[in-house]
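See below for the structure under consideration.
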Amino acid sequence: MKADQVLIAHHDVLRGLLRQLTETTDDQTAERSRLRDELLRELEVHTQIEDELFYPAVRDVSPLLSLAHAEHRQIDDQLATVMRTAVDDPEFGTEVRMLSATLHHHTFEEEERMFPQSHALGDERLEQLGRQLQERQEELYRSGAMRLIVRLKRMTLRLV
Ligand SMILES: [Fe+2]
Ligand SMILES: [Fe+2]
């Protein structure tokens, strides 16, 4: 799979989790916690593979990098707010919808603007980059360090 296809497939996972999360109600606390933890993990992995591999690779062919980095920071901030909000808090749904709106905007920008620009790298390079993204993604899923980062982040955010 080419790099942009790998990332679009993962965007579908993120959008799916956010959709499920927005469909939960205040009394579905266990389901909300489970979906929120899964979203935290997937977002960490996604941001990391883009920041580490994809964005540096498209630096010369896309003028959108600083905007994309700024949007990653905004997503991170909004995710932190979602992590700090109790799952049965009446504000939880609003915070999730705001995060969802930012993420939809960001993935749309990537899919409609940055990814088409990345095609200038050529098919061969995009296939190679796609393999690197998938390998790194698998490595992060298996990685104990990643699990620890997610757990620490979850604990720290909830304690703030
Ligand atoms: Fe991104
Ligand atoms: Fe992305």
key: Residue-normalised accessible area of the range 26-125, expressed per residue, 1.4 Å probe, Å²   = 49 Å²
query = With contacts defined as alpha carbon pairs under 8 Å and 6 or more residues apart, what's the relative contact order of the chain in percent?
reply = 42 percent
ask   = Based on the alpha-carbon gyration tensor of the chain, what equivalent-ellipsoid semi-axes (square roots of 5 times the eigenvalues) come out, in whole Å, largest first?
value = 29, 17, 13
remark   = With all protein chains in place and a 1.4 Å probe, T94 shows an accessible area in Å² (nearest 10) of 50 Å²
task = Tally up the carbon and sulfur contribution to the accessible surface of the range 43-87 as a whole percent, 1.4 Å probe, everything protein left in place.
result = 49 percent
task = Report, in order of residue number, the helices in the chain meeting two criteria: a C-alpha extent of 27 Å or more along the helix axis, and a mean Kyte-Doolittle hydropathy of at least -0.5; treat each whole DSSP H run as one helix.
result = 3-23, 65-84
task = Would you tell me the accessible area of T156, worked out with a 1.4 angstrom probe on the heavy atoms of the protein chains, in Å² to the nearest 10?
result = 80 Å²
inquiry  = Ignoring everything except DSSP H segments at least 4 long, calculate the 222 nm mean residue ellipticity for the chain; use -39,500 (n - 2.57) per segment, divide by total residues, nearest 500.
reply    = -25500 deg cm²/dmol
Net charge over other residues, Cβ less than 9 angstrom from the Cβ of S100 (K, R count +1; D, E count -1) = +3
request  = Please list H10, H104, H69 in order of solvent-accessible area, largest first, computed with a 1.4 Å probe with all protein chains present.
outcome  = H104, H69, H10
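The values are calculated or read from the model by the stated rules, or taken from the named source; none is laboratory data. Predicted model, so just to flag it, every value in this text is computed and none were measured. Positions of Cβ are backbone-derived with ideal geometry, glycine not excepted, and every protein chain shown enters the neighbour counts. Accessible surface areas use protein heavy atoms only, side chains included; no ligands, DNA or RNA. Shrake-Rupley method; radii C 1.70, N 1.55, O 1.52, S 1.80 Å.
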